[in-house]
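Engineer: Take this structure, written in structure tokens, and hold onto it; I'll ask about it next.
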Amino acid sequence: MSLLVFAGASQFAMVQLFSQAAPTPVIIASVLFINLRHLLMATSLSAQLRRLPLTRRLFGAFVLTDESFAMATGHFRRGGRSLAYYFTFAIALYVLWNVATVVGIVVGGAIGDPRRFGIDFAITATFIGIVVLAIRHRADVLIAIVAALVAGGLALAGASTVAVITAGAVAPLIAVFLRR
Amino acid sequence: MIWVAIVGAAIATYLTRSLPFAVMLGGRLPPVARRYLEALPVAIIAALVGPAVVAPAGTLTHGAEPLAAGLVIATVAWRRSLLAGVLVGVVTVALLRMI
């Protein structure tokens, strides 16, 4: 599954749904909803990838994840230009993800709950850091706070599948209406 | 049946990622669209953070994550270092979850 569906949140949701013997169309529709946020990320990255031929762009799309999007955005915001940064990170992540999947199958039962060590927060902390470093205008601060609160609120309300795409699409409207 | 679901999910996943790359916007964008697209990356990443801080396990946080998030923001703003921020965040969360 990790080889074909390179999408962490979707894979966990699928495992959950498999265990409940959910119908196949429900599983596919859930994955589609969870991944709608990548429409926004790909749109945002497409300005940088414009220089590449179509085949390269379509390969880049396969390895697009929250993490590679965030790292590449941080890189471009710091003035970086090279697309090698994105591809290196994204491909390395794909390889590691699949190696870790095999390791997890073999020894997973012995580890216990990894949340105890706060490891799950490493990605969150990285994303927070990228946002802080990417802030350029006062409006960015407002947009980041609104996006985080709207997405968090939606997740609490039980709409976690559409939380990121909704908040991510709505918050930038602030930049449109707010002259800086 | 599981394999049908996996292949279907693979196609659904790939569609959301490849559509914007396949259909590239041509020419110059109007200023309104440019300002929207410029603000988009920060909004998306912040939106990924929100649920992980407010509702880490699907339910309301007990306080560890928001506190750690505050410390991460302060650390990165002060040291301009991602690594320092991540270390502070992980250690804070691990310690607070022990109590």
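The values are calculated or read from the model by the stated rules, or taken from the named source; none is laboratory data. On a predicted model such as this, the values are computed, not experimentally measured, just so you know. All Cβ positions, glycine included, derive from the backbone under ideal geometry; neighbour counts span all protein chains shown.
Engineer: Going through the range B:13-71 one residue at a time, which ones are within 20 Å of A:Phe69 (Cα to Cα) and not in a helix (DSSP H, G or I)?
Structural biologist: The answer is B:Val23, B:Met24, B:Leu25.
Engineer: Now for a separate question. Does at least one position in the range B:26-39 carry a residue that is surrounded by fewer than 20 Cβ atoms within 10 Å (Cβ to Cβ), modelled with pLDDT of 90 or more and either in contact with a Leu (Cβ under 7 Å, 6 or more places away or on another chain) or under 17 Å from A:Val131 (Cβ atoms) (or both)?
Structural biologist: No, every residue in the range B:26-39 fails to be surrounded by fewer than 20 Cβ atoms within 10 Å (Cβ to Cβ), modelled with pLDDT of 90 or more and either in contact with a Leu (Cβ under 7 Å, 6 or more places away or on another chain) or under 17 Å from A:Val131 (Cβ atoms) (or both).
Engineer: Being under 26 Å from B:Ala64 (Cα atoms), within 14 Å of another protein chain (Cβ to nearest Cβ), of a type in the set (D, E, K, R) and more than 20 Å from the chain's Cα centre (by Cα) is the requirement here; does A:Asp120 meet it?
Structural biologist: No.
Engineer: Can you name every residue in the range A:149-180 that is surrounded by fewer than 18 Cβ atoms within 10 Å (Cβ to Cβ) and touching a Phe, Trp or Tyr at 6+ places or on another chain (Cβ under 9 Å)?
Structural biologist: Across the range A:149-180, the qualifying residues are A:Val162, A:Leu173, A:Val176.
Engineer: Give the residue, chosen from A:Leu83, A:Leu93, that is on the phi < 0 side of the Ramachandran plot, modelled with pLDDT of 85 or more, in contact with a Leu (Cβ under 8 Å, 6 or more places away or on another chain) and surrounded by fewer than 20 Cβ atoms within 10 Å (Cβ to Cβ).
Structural biologist: Step by step, each of A:Leu83, A:Leu93 is checked, and only A:Leu83 is on the phi < 0 side of the Ramachandran plot, modelled with pLDDT of 85 or more, in contact with a Leu (Cβ under 8 Å, 6 or more places away or on another chain) and surrounded by fewer than 20 Cβ atoms within 10 Å (Cβ to Cβ).
Engineer: So which of B:Ala94, B:Ala77 ends up being crowded, with 17+ Cβ neighbours inside 10 Å, facing another protein chain (nearest Cβ under 7 Å) and at pLDDT 85 or above?
Structural biologist: Exactly one of B:Ala94, B:Ala77 is crowded, with 17+ Cβ neighbours inside 10 Å, facing another protein chain (nearest Cβ under 7 Å) and at pLDDT 85 or above, namely B:Ala94.
Engineer: If you don't mind, there's one more thing I want to ask. Residues in the range A:125-143: is at least one at the interface with chain B (Cβ under 9 Å from one of its Cβ atoms), small (Gly, Ala, Ser), assigned to a helix (DSSP H, G or I) and over 19 Å from the mean Cα position of the chain (by Cα)?
Structural biologist: Among the residues of the range A:125-143, at least one is at the interface with chain B (Cβ under 9 Å from one of its Cβ atoms), small (Gly, Ala, Ser), assigned to a helix (DSSP H, G or I) and over 19 Å from the mean Cα position of the chain (by Cα), which makes the answer yes.
Engineer: While we're here: If a residue has to be within 7 Å of chain B (Cβ to nearest Cβ), over 19 Å from the mean Cα position of the chain (by Cα) and either within 17 Å of A:Ser2 (Cβ to Cβ) or buried (at least 18 other Cβ atoms within 10 Å of the Cβ) (or both) to count, how many in the range A:13-46 make the cut?
Structural biologist: 2
Engineer: Of the residues A:Val162, A:Val99, A:Val176, A:Val141, which is more than 24 Å from B:Val32 (Cα to Cα) and free of Cβ contacts under 8 Å to residues at least 12 places away in the same chain?
Structural biologist: The match here is A:Val99.
Engineer: Can you spot a residue in the range A:70-84 that is facing chain B (nearest Cβ under 8 Å) and either among the charged types (D, E, K, R) or assigned to a loop (DSSP other than H, G, I, E, B) (or both)?
Structural biologist: The answer is yes, given that some residue of the range A:70-84 is facing chain B (nearest Cβ under 8 Å) and either among the charged types (D, E, K, R) or assigned to a loop (DSSP other than H, G, I, E, B) (or both).
Engineer: Evaluate the following for A:Val146: is it surrounded by 15 or more Cβ atoms within 10 Å (Cβ to Cβ), within 29 Å of A:Leu58 (Cα to Cα) and not acidic (Asp, Glu)?
Structural biologist: It is false that A:Val146 is surrounded by 15 or more Cβ atoms within 10 Å (Cβ to Cβ), within 29 Å of A:Leu58 (Cα to Cα) and not acidic (Asp, Glu).
Engineer: Right, A:Phe6: among the aromatic types (Phe, Trp, Tyr) and closer than 18 Å to A:Phe127 by Cβ or not?
Structural biologist: Criteria not met by A:Phe6.
Engineer: Here is a check on your reading of the model: is A:Val63 more than 7 Å from every other protein chain (Cβ to nearest Cβ) and either within 15 Å of A:Thr88 (Cβ to Cβ) or among the basic types (Lys, Arg) (or both)?
Structural biologist: Judged against the criteria, A:Val63 is a match.
Engineer: Output the number of residues of the range A:1-11 satisfying the condition of being surrounded by fewer than 20 Cβ atoms within 10 Å (Cβ to Cβ) and within 22 Å of A:Gly168 (Cα to Cα).
Structural biologist: Count: 2.
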